[in-house]
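Some notes on the structure that comes next.
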Amino acid sequence: MAVDRSIPDSRSIWRRLAWLGAFGIAMGLLEAICVIYLRRLLPMDAELTTLPQEHGRIEIIREACTIVMLVCVAWLTGINGRSRVACFFYTFGIWDILYYVGLWWLAGWPDSLLTWDCLFLIPKPWYGPVLAPVLISLYFVFGCCWLHAREIRGRPVRLSAGAIIVQGLTAVVWYWSFVKDTEWIAEHKYEGVSYSWLLLFAGVAIGVLGLWWAGRAPRERCADASPA
């Protein structure tokens, strides 16, 4: 019986994801350790809203290097363009979750999932409660596992221009939820600020609907192409 070489081997894919997950866990914990040392070595305000200007460049370089590392390992692990994109977000999600697990385990911070944090500095500071990026990271992990499961079943998700635009809109909504209060926080810290959970879950809804739509497209084309 002939074997369809176009369908990836399931054991190989899940094995790759397991090793990728191990990398994400180790990288997240390592990132947490680096941040703990940075917070002890560099003067910061008690609410962790800003770094002194002379140290901001160091943090931006560290964050950029982290993204480059995630891109490189995703490129080496994926078997095609869409799986490489999925591998990046899968590893990013695990890394981000384990980063906060590492901070809580090794430094006793954050006190709760609703504790605010400066999440990212590129291109401007992002702020929000810790729970928000954790939920987004879970979306990345489960969404990318779903994409790989489709690859295994021989029904890959088509990354059409429309699908990319929808996921891009999701990213824009999430980005705005984190940066809309940046100027206020820089001046007044977290006093009087509330995170927009509506924007977060609107982004989740848009993203999930986009994945559902992208997953339906190949099946509809196959049905149209099949003989009557």
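The values are calculated or read from the model by the stated rules, or taken from the named source; none is laboratory data. All values reported here derive from a predicted model rather than from experimental measurement. Here the Cβ positions follow ideal geometry from the backbone for every residue, glycine too, while neighbour counts run over all protein chains shown.
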Fill in the blank from the handout: For region 28-54, pairs from a residue that is at pLDDT 60 or above to a residue that is among the polar types (S, T, N, Q), with Cβ under 9 Å and 6 or more apart or across chains, are Glu31/Thr66; Met44/Thr50
Handout entry: Flag for Leu200 being part of a helix (DSSP H, G or I), at pLDDT 90 or above and under 17 Å from Thr115 (Cα atoms)
Key = yes
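Within region 55-110, track down each residue that is in a helix (DSSP H, G or I), aliphatic (A, V, I, L, M) and either touching a Phe, Trp or Tyr at 6+ places or on another chain (Cβ under 8 Å) or closer than 24 Å to Ser160 by Cα (or both).
Narrowing region 55-110 to residues in a helix (DSSP H, G or I): 55-77, 81-107.
With the extra rule that they be aliphatic (A, V, I, L, M), the set shrinks to 58, 60-61, 64, 67-71, 73-74, 76, 85-86, 94, 97-98, 101, 103, 106-107.
Hits for region 55-110 are Leu70, Val71, Val73, Ala74, Leu76, Val85, Ala86, Leu103.
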Problem - Pick from region 57-88, criterion in contact (Cβ under 8 Å) with a residue 60 or more places away in the chain and more than 20 Å from Leu159 (Cβ to Cβ), ranking: surrounded by the most Cβ atoms within 10 Å (Cβ to Cβ) - result: Glu59
Fill in the blank from the handout: Of the residues in region 95-112, those that are over 14 Å from Cys34 (Cβ atoms) and among the aliphatic types (A, V, I, L, M) come to Ile97, Val101
Fill in the blank from the handout: Looking across region 172-196 at residues that are free of Cβ contacts under 8 Å to residues at least 24 places away in the same chain and part of a helix (DSSP H, G or I), the single one that is surrounded by the most Cβ atoms within 10 Å (Cβ to Cβ) is Trp184
